[in-house]
């Protein structure tokens, strides 16, 4: 990890979500299809009940929203079958700017870690060749303690909540970050039927981007200054939404 000429004042860790930030979003379309193909309505409530939840909790909610009388285990079995079929035509890949973002974070002196709800084999398969760009365990599976903001910051890295930055595509993670006073950048999916951008704004997220290159050094230094001043989640008059070349999703 290299240091910048001007070290950051407060932030020490950047935690970057795997699916939807470093990799393309392959969950929203499958969840949408799971619900609507069985006669259910896909609403913001579906995403709030399912996204970034422990697997069995999400499955129970997903089954209810789809109107199927299945056990959570059965819902998961069918869901992952349908996701596998989706991936045959829409394979997982790194989003544009993902590796450059990790290097940019580290150049500012931040430790970096990846996290998500799937087990570590998912990380090794798709990001293993970039393992040297991550610190600590490299990847944290948060399925047992989602959304995992507190656990990653304090239990894994031993930091204060306001020393970490989370970059995620789900508003529920933003809500956890806000409750803890942790820095957050929203990178909502470009899924046409999705609600995460709207839910992030409702949660008070101040920094929302539509591409990874938009998470540039000036934005990161702005968040560091807010962390140092204790104003990360102060009520803004406007939300800082950065547009740039859209991610290839």
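Any read-out appearing in this document is the output of simple, stated calculations on the displayed coordinates, not a laboratory observation. Since we're looking at a predicted model, the values are computed, not measured. Heads up, the Cβs are rebuilt from the backbone with ideal geometry, glycines too, and the neighbour counts pull from every protein chain shown.
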Quick one: angle between helix 217-229 and the longest Cα principal axis of the chain, in degrees between 0 and 90, rounded to 10, please.
80
For segment 60-102 and segment 164-194, what is the centre-to-centre distance using only Cα atoms, to the nearest Å?
19
Förster radius 30 Å - calculated FRET efficiency between residue 202 and residue 85 (Cβ-Cβ, nearest 0.05)
0.35
Which angle from 0 to 90°, rounded to the nearest 10, does the C-alpha axis of helix 55-66 make with the longest principal axis of the chain?
50
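Roughly speaking, what is the stretch gain from residue 192 to residue 70, that is 0.36 nm per residue apart minus the C-alpha to C-alpha distance, in nm to one decimal? Walk me through the numbers on the way to the answer.
Values: separation 122, 0.36 × 122 = 43.92 nm, distance 2.80 nm.
Contour length minus Cα-Cα distance gives 41.1 nm.
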Selected from 103, 172, 125 as most flexible by GNM, with the chain as the system and alpha-carbon contacts under 10 Å
125
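Take the alpha carbon gyration tensor of segment 28-89, find the square roots of its eigenvalues, order them as a ≥ b ≥ c, and report rounded if a/c is under 1.5; if not, report prolate when a/b exceeds b/c, else oblate.
Working: a/c = 1.33, a/b = 1.18, b/c = 1.13.
Judged from the Cα gyration tensor, segment 28-89 comes out rounded (a/c under 1.5).
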What percent do you get for the relative contact order of the chain when only Cα pairs under 8 Å and 6+ apart count?
25
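At a Förster distance of 25 Å, what's the computed FRET efficiency of residue 216 paired with residue 93, Cβ-Cβ distance as r, to 0.05?
Values: r = 22 Å, r/R0 = 0.90.
It comes out at approximately 0.65.
Helix-only mean residue ellipticity at 222 nm, the chain, DSSP H runs n ≥ 4 weighted -39,500 (n - 2.57), per residue, nearest 500. What is it?
Numbers: 9 runs with 94 residues, N = 249.
For the chain, the value works out to -11000 deg cm²/dmol.
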Between residue 144 and residue 9, what is the label-to-label distance in nm when each label sits 7 Å out along the Cα-to-Cβ direction?
3.9
Measure nothing fancy, just the Cα-based angle from helix 98-107's long axis to the longest principal axis of the chain, in degrees from 0 to 90, nearest 10.
30
Share antiparallel - DSSP beta bridges, the chain, percent rounded to 5:
5
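If packing is taken as the average count of other Cβ atoms within 10 Å, what order do 198-208, 223-233 fall into, highest mean first? Show your work: numbers first, answer last.
On the way: 198-208: 20.5, 223-233: 18.0.
Listed from highest to lowest mean packing, they are 198-208, 223-233.
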